[in-house]
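Below: one structure, written as structure tokens.
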Amino acid sequence: MRRYLVALLILAVAPSLVAQAPYKTPPADVVAILDAPPLPVAIVSPDRTAILLVEQRAMPTVAELARPWLRLAGSRINARNNGPRQPSLVTGLVLKRVADGTERRLAVPASGVASPSWSPDGRRIAFTVTDDSTIALWVADAATAQARRLPTSPLNAADGPPCQWMPDGARLLCLLVPDGRGAPPPEPAVPAGPTTQETAGRPAPVRTYEDLLENTHDETLFDYYFTGQLALIDAASGAVTKVGAPAVIDRADPAPGGGFILVVRTVRPYSFLVPADLFPKSIETWTVQGERVRTLAALPLADNIPARGVRAGPRAVTWQPGVPATLVWAEAMDEGNPRNRVAHQDRIVRLAAPFTDVPIAMAQLEKRYGGVVWDTTGLALLNEFDRDRRWVKTWILDPRATGPAVLWDRSAEDRYADPGTPLLRGVAGQRTLLRNGDWIYLAGAGASPQGERPFLDRLNLKTKRSERLWRADTVHYEAVVALLDDAAGRVLTRRESRTEPPNYFVRDVKSGALRAVTAFADPAPRLTGVQKRLVTYTRADGVPLSGTLYLPPGYTAGTRLPVVMWAYPQEFTSAAAAGQVSAAPNRFNLIRGPSQLLFLTQGYAVFDDPKMPILGGDTANNHYVEQLVSSARAAVKALVDLGVADPDRIGVGGHSYGAFMTANLLAHSDLFRAGIARSGAYNRTLTPFGFQNEERNFWEVPEIYLRMSPFVHADSVNAPLLMIHGEADDNSGTFPIQSERFYASLKGLGKTARLVMLPGEAHGYTGRESVLDVVAEMFEWFDRWVKNAKPRTGAAVGNGAR
């Protein structure tokens with residue numbers, strides 16, 4: 001223990017050579033792959049007769065990311081236009097008829113388009129257009145493809161998409177920048193006083209968050225940018241009707257009947273410890289004229305939610321579809337604390353307009369509420385989740401029945417037995433169960449020992465039995481996007497294979513006939529010829545594992561290659577679930593961002609997502625290191641036994657928790673010649689109130705936190721490590737200081753390491769120059785330390801022994 005405590009203090013002042021160099025660029029063919037526009041995304045119209053294709057460019061520029069922006073209470077906003085910091089990448093909108101494939105391009109601006117959405121009646125499409133100083137509302141006519149800007153005040157998109165359709169399809173409910181708001185409050189030239197915080201003995205364990213409010217001026221800025229004016233906007237004329245007074249609106253959802261609005265306001269006092277989602281909230285019902293009908297709840301600041309707990313009071317408040325104005329929500333019966341042993345953890349209640357009665361209990365759940373979906377007759381599928389067992393139970397709540405009936409009772413980790421997800425359709429702006437008599441439809445990934453084969457089932461709500469209507473063949477990965485008729489005679493699918501890029505098709509379910517709706521080309525033909533195979537193997541303790549092996553174009557069987565192993569650990573309660581195959585070997589290789597698959601262009605093999613299961617449920621981390629090394633050793637052996645990997649030229653890498661994994665593997669094994677760790681956390685004492693799925697705090701299990709921290713074991717890292725981190729990482733727990741301090745420790749100990757800090761980048765990297773630089777850095781690092789590594793000597797070579 002003394003060694004660990006000393007290690008926590010070492011080298012905090014170690015000097016480091018710091019230099020800012022120009023962005024690097026990988027080879028031209030790799031740049032072409034990264035610059036290729038992604039394939040368009042399809043949004044199906046409510047009447048299922050058309051799809052809206054959303055075209056996008058590949059990446060924003062670093063110059064766009066460098067525009068002035070603010071961090072306020074967990075959000076990042078562009079102060080100039082009151083919208084999100086990240087620019088929209090949409091470049092075009094195309095309407096395509098499903099019946100014959102004819103298409104019309106909407107006349108929209110070349111940049112700034114965002115948040116396209118169909119009206120509930122399918123007659124119009126709304127979207128926003130952002131320029132340097134404002135966000136405007138546009139509406140397009142689906143029949144003519146003509147689009148125009150509506151003459152409204154600027155939209156307030158600081159907290160997300162600012163508009164949604166009203167159920168009638170003729171109006172939109174939007175959040176506007178308040179009239180006469182004036183200039184933003186200037187930062188005080190002289191501080192008014194110190195920033196203080198105080199605790200009075202009430203436990204308030206919170207995880208580490210980024211972008212929090214820091215002082216009184218931040219609170220003032222939060223009010224300025226997040227205060228909005230609700231308004232109804234006529235989609236034809238653009239006429240604006242204000243609804244209520246300006247407020248900090250967290251949510252505003254219209255009732256299915258259109259007469260009421262569920263409004264969630266954020267109210268003071270704010271906090272410097274948690275993001276705005278956990279600030280005090282007032283949950284209210286308003287009329288569409290802006291009159292407050294009832295305050296359902298006044299939720300206090302939620303900075304004391306216990307581990308594995310939930311916020312006390314009403315949560316997950318939604319409108320029930322199919323009725324004009326009935327609210328449904330969950331309430332904790334254990335005060336939100338699972339350590340309070342009660343017969344039922346949650347209850348589900350509903351309250352109908354005019355909201356003057358006492359809420360009526362729909363159900364009481366032994367475990368936590370996991371969501372509900374409705375049809376239009378009052379029937380609901382209600383989910384209950386047992387976190388301790390990782391178990392899900394689904395109930396049928398039928399108003400015509402005497403009580404709830406169990407539909408599914410199964411392990412949430414068991415992918416092979418997953419019955420699928422109920423298909424939904426839009427009704428008056430609400431998503432409801434797609435029913436045909438007593439039947440509903442289920443679509444799923446179809447995980448199996450041979451990989452994923454998506455399926456379409458129908459399930460009888462009376463008998464609870466399902467029938468398989470269709471399953472993808474063994475060559476194609478084809479998934480249902482939408483049913484084109486209520487009887488599931490025809491479906492719209494997204495179909496691809498290892499050699500065919502994804503496209504949309506109309507499939508006749510009975511005959512199997514296919515008709516292409518789109519004809520998207522391969523965006524990266526440079527990767528044509530990549531070989532892909534599912535590899536299965538077994539860990540030393542008998543747990544079956546798997547991963548997807550990619551071989552570069554032109555690979556000759558029997559040739560041993562340098563290998564990049566890229567992974568991400570995951571916790572499980574059972575070995576049976578951990579050993580299930582989750583790969584989809586029939587999918588087409590689409591590369592976006594700084595993907596590890598780009599190593600295929602440089603003559604490497606890539607072993608992607610080799611399973612690194614950590615067994616044991618809530619105490620899995622008690623043996624994290626041992627299980628991690630055992631999984632990695634099994635993966636290395638499998639690749640060597642296949643005759644693909646050169647055991648002297650294997651590198652390991654990962655992003656986020658995968659970076660944490662990478663550093664641990666280098667600290668606790670000699671399996672790999674080098675590592676790449678992107679946006680990771682390495683010192684768990686900096687995340688003392690839990691991380692990932694670890695809910696115990698540092699003071700409960702200090703030995704686990706220290707054993708799992710690569711920072712503590714930096715002296716045991718023998719292989720070169722490249723660390724990359726965004727200077728503006730916004731992910732909980734992976735503050736940039738994690739990489740800076742770990743690099744300082746490695747440098748001070750005389751290890752081989754490199755640290756690349758990316759200006760303006762968050763947890764993931766999006767700026768074009770940043771992405772190209774990351775790829776070039778990864779290529780250079782592994783070329784130097786893996787591809788061209790000299791053979792190792794010694795009896796322990798290849799088995800990772802320490």
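The values are calculated or read from the model by the stated rules, or taken from the named source; none is laboratory data. All values derive from a computational prediction rather than experimental measurement. Note that we place each Cβ from the backbone using ideal geometry, even for glycine, and neighbour counts take in every protein chain shown. We work out accessible area using only protein heavy atoms, side chains counted, and drop any ligands, DNA or RNA first. Shrake-Rupley method; radii C 1.70, N 1.55, O 1.52, S 1.80 Å.
In the condition set (1) touching a Pro at 6+ places or on another chain (Cβ under 9 Å); (2) open to solvent by 10 Å² or more (accessible area, probe 1.4 Å), residue 682 is compliant with all but (2). The set of residues in the range 318-363 that are surrounded by 17 or more Cβ atoms within 10 Å (Cβ to Cβ) and small (Gly, Ala, Ser) comprises 322, 325, 330, 332, 336, 353, 363.
Here the strands (runs of 3 or more DSSP E) wholly within the range 134-222 that include at least 2 residues being at pLDDT 95 or above, of a type outside the set (Asp, Glu) and buried (at least 16 other Cβ atoms within 10 Å of the Cβ) are 135-141, 163-165, 171-176.
Per the listing 98, 94, the residue uniquely without any contact (Cβ under 8 Å) to a residue 60 or more places away in the chain, open to solvent by less than 20 Å² (accessible area, probe 1.4 Å) and β-branched (Val, Ile, Thr) is 94.
Those residues that are exposed (fewer than 15 other Cβ atoms within 10 Å of the Cβ) and under 19 Å from residue 491 (Cβ atoms), I need them from the range 461-470; list them, please. Write out each step before concluding.
Start the filter on the range 461-470 by keeping residues that are exposed (fewer than 15 other Cβ atoms within 10 Å of the Cβ), which leaves 462-465, 467-468.
If the condition is that a residue be exposed (fewer than 15 other Cβ atoms within 10 Å of the Cβ) and under 19 Å from residue 491 (Cβ atoms), then 467, 468 are the ones that fit.
Please give the strands (runs of 3 or more DSSP E) falling wholly within the range 326-395 in which 1 or more residues are of a type in the set (Lys, Arg), over 30 Å from residue 619 (Cα atoms) and modelled with pLDDT of 95 or more. Full working, then the answer.
Values: elements: 326-332, 346-352, 360-365, 368-374, 380-386.
The strands (runs of 3 or more DSSP E) meeting that bar are 346-352.
Could you tell me whether the range 123-130 includes any residue that is open to solvent by 30 Å² or more (accessible area, probe 1.4 Å), under 12 Å from residue 84 (Cα atoms) and in contact (Cβ under 8 Å) with a residue 24 or more places away in the chain? Checking the range 123-130: at least one residue is open to solvent by 30 Å² or more (accessible area, probe 1.4 Å), under 12 Å from residue 84 (Cα atoms) and in contact (Cβ under 8 Å) with a residue 24 or more places away in the chain.
Scanning the range 693-706 for residues that are touching a helix residue (DSSP H, G or I) at 6+ places or on another chain (Cβ under 6 Å) and open to solvent by 10 Å² or more (accessible area, probe 1.4 Å) yields a count of 2.
Within the range 455-488, the set of residues being of a type outside the set (A, V, I, L, M) and under 19 Å from residue 381 (Cβ atoms) comprises 455, 457, 458, 460, 462, 463, 464, 465, 466, 467, 486. When 575, 557, 567 are checked against the criterion of being under 29 Å from residue 478 (Cβ atoms) and of a type in the set (Gly, Ala, Ser), a single residue qualifies: 567.
For first residues located in the range 172-201 and among the polar types (S, T, N, Q), partners that are open to solvent by 70 Å² or more (accessible area, probe 1.4 Å) and lie 6+ apart or on another chain with Cβ distances below 8 Å form the pairs 195/214; 195/216; 197/273.
I'd like to check something: does the range 494-502 contain any residue that is more than 27 Å from residue 55 (Cα to Cα) and at pLDDT 95 or above? Looking for residues that are more than 27 Å from residue 55 (Cα to Cα) and at pLDDT 95 or above, one finds none in the range 494-502, hence no. Considering (1) farther than 21 Å from residue 161 by Cβ; (2) modelled with pLDDT of 95 or more, the lone condition that residue 22 does not fulfil carries the number (2). Can residue 793 be described as within 30 Å of residue 561 (Cβ to Cβ), of a type in the set (Ser, Thr, Tyr) and free of Cβ contacts under 8 Å to residues at least 24 places away in the same chain? For residue 793, the condition - within 30 Å of residue 561 (Cβ to Cβ), of a type in the set (Ser, Thr, Tyr) and free of Cβ contacts under 8 Å to residues at least 24 places away in the same chain - is met.
Between 261, 283, which is open to solvent by less than 20 Å² (accessible area, probe 1.4 Å), out of contact with any Lys or Arg (no Cβ under 6 Å at 6 or more places or on another chain), without any contact (Cβ under 8 Å) to a residue 60 or more places away in the chain and not charged (D, E, K, R)? Break it down stepwise before answering.
Values: 261 fails: without any contact (Cβ under 8 Å) to a residue 60 or more places away in the chain.
Testing whether each residue is open to solvent by less than 20 Å² (accessible area, probe 1.4 Å), out of contact with any Lys or Arg (no Cβ under 6 Å at 6 or more places or on another chain), without any contact (Cβ under 8 Å) to a residue 60 or more places away in the chain and not charged (D, E, K, R) leaves just 283.
Has the range 402-422 got at least one residue that is in contact (Cβ under 8 Å) with a residue 60 or more places away in the chain and open to solvent by 50 Å² or more (accessible area, probe 1.4 Å)? Taking every residue of the range 402-422 in turn, at least one turns out to be in contact (Cβ under 8 Å) with a residue 60 or more places away in the chain and open to solvent by 50 Å² or more (accessible area, probe 1.4 Å).
Going by the conditions given, is residue 231 within 21 Å of residue 326 (Cβ to Cβ) and either open to solvent by less than 30 Å² (accessible area, probe 1.4 Å) or in contact with a Lys or Arg (Cβ under 9 Å, 6 or more places away or on another chain) (or both)? First the steps, then the outcome.
Details: within 21 Å of residue 326 (Cβ to Cβ): no; either open to solvent by less than 30 Å² (accessible area, probe 1.4 Å) or in contact with a Lys or Arg (Cβ under 9 Å, 6 or more places away or on another chain) (or both): yes.
Considered against the rule, which asks whether it is within 21 Å of residue 326 (Cβ to Cβ) and either open to solvent by less than 30 Å² (accessible area, probe 1.4 Å) or in contact with a Lys or Arg (Cβ under 9 Å, 6 or more places away or on another chain) (or both), residue 231 comes out as no.
If you go through the range 424-452 and keep only what is buried (at least 18 other Cβ atoms within 10 Å of the Cβ), in contact with a Ser or Thr (Cβ under 8 Å, 6 or more places away or on another chain), over 28 Å from residue 117 (Cα atoms) and of a type outside the set (A, V, I, L, M, F, W, C), you end up with just 452.
Going by what's in this entry, would residue 100 be described as over 25 Å from residue 767 (Cβ atoms), assigned to a loop (DSSP other than H, G, I, E, B) and at pLDDT below 95?
It is true that residue 100 is over 25 Å from residue 767 (Cβ atoms), assigned to a loop (DSSP other than H, G, I, E, B) and at pLDDT below 95.
Figure legend. Inter-residue proximity from the range 286-314: first residues within 15 Å of residue 247 (Cβ to Cβ) and open to solvent by less than 30 Å² (accessible area, probe 1.4 Å), second residues part of a loop (DSSP other than H, G, I, E, B) and at pLDDT 95 or above, beta-carbon distance below 9 Å, spacing 6+ or different chains. Indicated pairs: 286/243; 286/244; 290/243; 290/244; 290/245. Identification of strands (runs of 3 or more DSSP E) wholly contained in the range 476-559 with 1 or more residues that are open to solvent by 20 Å² or more (accessible area, probe 1.4 Å) and more than 30 Å from residue 631 (Cα to Cα) yields 476-483, 490-497, 503-508, 514-516.
Residues are listed down the side, and each one gets a yes or a no for (1) charged (D, E, K, R); (2) touching a strand residue (DSSP E or B) at 6+ places or on another chain (Cβ under 6 Å); (3) not in a strand (DSSP E or B):
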{"residue": "34", "(1), (2), (3)": "no, no, yes"}
{"residue": "47", "(1), (2), (3)": "yes, no, yes"}
{"residue": "53", "(1), (2), (3)": "no, yes, no"}
{"residue": "59", "(1), (2), (3)": "no, no, yes"}
{"residue": "67", "(1), (2), (3)": "yes, no, yes"}
{"residue": "91", "(1), (2), (3)": "no, yes, no"}
{"residue": "108", "(1), (2), (3)": "no, yes, yes"}
{"residue": "122", "(1), (2), (3)": "no, no, yes"}
{"residue": "128", "(1), (2), (3)": "no, yes, no"}
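Screening residue 750 with (1) within 24 Å of the chain's Cα centre (by Cα); (2) open to solvent by 10 Å² or more (accessible area, probe 1.4 Å) gives one miss only, at (1). In the range 753-793, of all residues being open to solvent by 60 Å² or more (accessible area, probe 1.4 Å) and in contact with a helix residue (DSSP H, G or I) (Cβ under 8 Å, 6 or more places away or on another chain), the one that is nearest to residue 596 (Cα to Cα) corresponds to 768.
Looking only at the range 431-475, count every residue that is in a loop (DSSP other than H, G, I, E, B), charged (D, E, K, R) and within 27 Å of the chain's Cα centre (by Cα) and tell me the total.
At the first step, the residues of the range 431-475 found to be in a loop (DSSP other than H, G, I, E, B) are 434, 437-438, 445-454, 461-465, 472-475.
Filter once more, keeping what is charged (D, E, K, R): 438, 452-453, 462, 464-465, 473.
Subset that is within 27 Å of the chain's Cα centre (by Cα): 452-453.
Residues meeting the conditions: 2.
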